[in-house]
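Let me begin by presenting the structure, written as structure tokens, before commenting on it.
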Amino acid sequence: MDKKKKLMILGASYSQIPLIQAAKRMGITALVASIPGDYQGFEIADEIAYVDITDPEAVLQAAREAKVDGIATCCMDIGTKALGYACEKMGLPGPGLRAAEASCNKYLEKEAYLQHGVNTARFFLVKKKEELEQALKQLEFPVMVKAVDLMGSRGIFRCDSYQEALENYEKTMAATPLDYCIVEEFIQGTMFGVEAMVSNGKLVYLLPLGNDMRQGNPPFPVGHYVPWEFQETLESQVWDQIEKAVDALGFENCPLDFDCMLKDGKVYIIEATGRAGATCITDTVGIYYGIDYFEAIVRVALGMDVTELFQGVQVPRTPSVTRLLSVEQEGIVESIHIPEHLPEQVVDLSFNIGKGSQVRPMTNGADRVGQLIVKGKTLEECRSKVSEVLGTLNYEIKKNGENEGE
């Protein structure tokens, strides 16, 4: 009898739930690895390994002890370096340490892009204020000051003046444990995402995604939509740049998530990560192709070929719009009011908060309180239904300190 395969899934939060469920549906043992805590993934895991997933050696030891056949994660960066390290040391399918390190460090990533002819923003390594001042003399404003090792827009600032750059440099260095950051040109264009997957040395699919942005410093996506309006006209250029980036970073047997920019008809790669994207991107891919994309992530992590999943898929493909839910005031949730009946186009309306949760207005993706996913025959239909549902949601929130002492 063939040995039942075991997959280690890094992380036990709500974002890993669909991945755990997919592995179990496929008859694969789901070993969930995370530090102890009140995480939903522990409740449905087949096995649990209590380990700090930011510690590569600890993850490697746990993976060896459990004799896993593959390692996976999605929607977050914190375990990707350990994932690559353990896969390389154990000879498992996966992105490998070089790819994992580069995708967790924007400086290493940018250096690799330069060596492989990838279109990317001009940048400079900065270790002290004097180096920042020299870099600013060679760039035009606005510029971006970036921590190289953080996720969710933390430690990243757009700077429109010399003074802003100096002030935000201090904020960036306070946010990162490293002794350096980068300053780069701000490419003013249309930001978009690309989701892809590489399997056994081949890029098996590539899907550009439009971004719905929320103003901030920097602006950040609160949702995505497909199809992207420039998908057909720029398809060959996007493929060329993504293939060069995959080669530059050495990605293998993993999903890929890219932040890109379109300026004056030219595609630039801003950042890449060897895991599936957050902000409902995994759901978007599955809806568009009519497949279970979480199962594809499981398969590729175990070294199974996934090419067949993206061949002969549904045509026409399905448009969708996703949106992260947020609140407008800080406080404690008293109740959430949702409509009794939802439009049939709603694929998912769910919340990662409940009564008693502490919430605040959204400043980055981590402040989400839930998600809404809508599919339809056209993009216009999807947007209409998103607006309709958002207009029916209501949150009762008690301000911090309200009614205390009564």
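One residue is enough: does region 74-96 have a residue meeting the conditions out of contact with any Cys (no Cβ under 7 Å at 6 or more places or on another chain), under 30 Å from Q188 (Cβ atoms) and part of a loop (DSSP other than H, G, I, E, B)?
Looking for residues that are out of contact with any Cys (no Cβ under 7 Å at 6 or more places or on another chain), under 30 Å from Q188 (Cβ atoms) and part of a loop (DSSP other than H, G, I, E, B), one finds at least one in region 74-96, hence yes.
Scan region 44-79 for residues that are among the β-branched types (V, I, T), closer than 18 Å to A30 by Cα and in contact (Cβ under 8 Å) with a residue 60 or more places away in the chain and jot them down.
Selection gives V68, I71, T73.
Quick one: which residue in G216, G210 is over 20 Å from C104 (Cβ atoms) and free of Cβ contacts under 8 Å to residues at least 40 places away in the same chain? Walk me through it before giving the result.
Numbers: G216 fails: free of Cβ contacts under 8 Å to residues at least 40 places away in the same chain.
Every option except G210 fails the conditions.
Please enumerate the residues belonging to region 36-58 that are in a loop (DSSP other than H, G, I, E, B) and touching a strand residue (DSSP E or B) at 6+ places or on another chain (Cβ under 6 Å). Even if it seems obvious, please write down each step before you answer.
Of the residues in region 36-58, the ones in a loop (DSSP other than H, G, I, E, B) are 36-40, 45-46, 51-55.
Passing the criteria: P36, A45, D46, V51, I53.
Go through (1) more than 26 Å from Y113 (Cβ to Cβ); (2) in contact with a Pro (Cβ under 6 Å, 6 or more places away or on another chain) for Y289 and report which single condition fails.
(2)
Before we move on, is V32 within 20 Å of the chain's Cα centre (by Cα) and either over 25 Å from T172 (Cα atoms) or not in a helix (DSSP H, G or I) (or both)?
Yes: the conditions hold for V32.
Hey, any hits in region 150-158 for a residue that's without any contact (Cβ under 8 Å) to a residue 40 or more places away in the chain, outside the structural domain of D264 (by TED's automatic domain parsing) and either out of contact with any His (no Cβ under 9 Å at 6 or more places or on another chain) or within 24 Å of K81 (Cβ to Cβ) (or both)?
For region 150-158, residues without any contact (Cβ under 8 Å) to a residue 40 or more places away in the chain, outside the structural domain of D264 (by TED's automatic domain parsing) and either out of contact with any His (no Cβ under 9 Å at 6 or more places or on another chain) or within 24 Å of K81 (Cβ to Cβ) (or both): present.
Quick one: in region 33-84, which of the residues that are modelled with pLDDT under 95 and either in the same structural domain as I297 (by TED's automatic domain parsing) or of a type in the set (V, I, T) (or both) is farthest from T282 (Cα to Cα)?
So, considering only residues that are modelled with pLDDT under 95 and either in the same structural domain as I297 (by TED's automatic domain parsing) or of a type in the set (V, I, T) (or both), the one farthest from T282 (Cα to Cα) is T54.
Check F230, F186 and return the single one that is modelled with pLDDT under 95 and either surrounded by 16 or more Cβ atoms within 10 Å (Cβ to Cβ) or not assigned by TED's automatic domain parsing to the domain that holds K266 (or both).
Being modelled with pLDDT under 95 and either surrounded by 16 or more Cβ atoms within 10 Å (Cβ to Cβ) or not assigned by TED's automatic domain parsing to the domain that holds K266 (or both) holds for just one of F230, F186, which is F186.
The values are calculated or read from the model by the stated rules, or taken from the named source; none is laboratory data. In this text, all values refer to a predicted model and were calculated from it rather than measured experimentally. Positions of Cβ are generated from backbone atoms using ideal geometry, with glycine treated the same way; all protein chains shown enter the neighbour counts.
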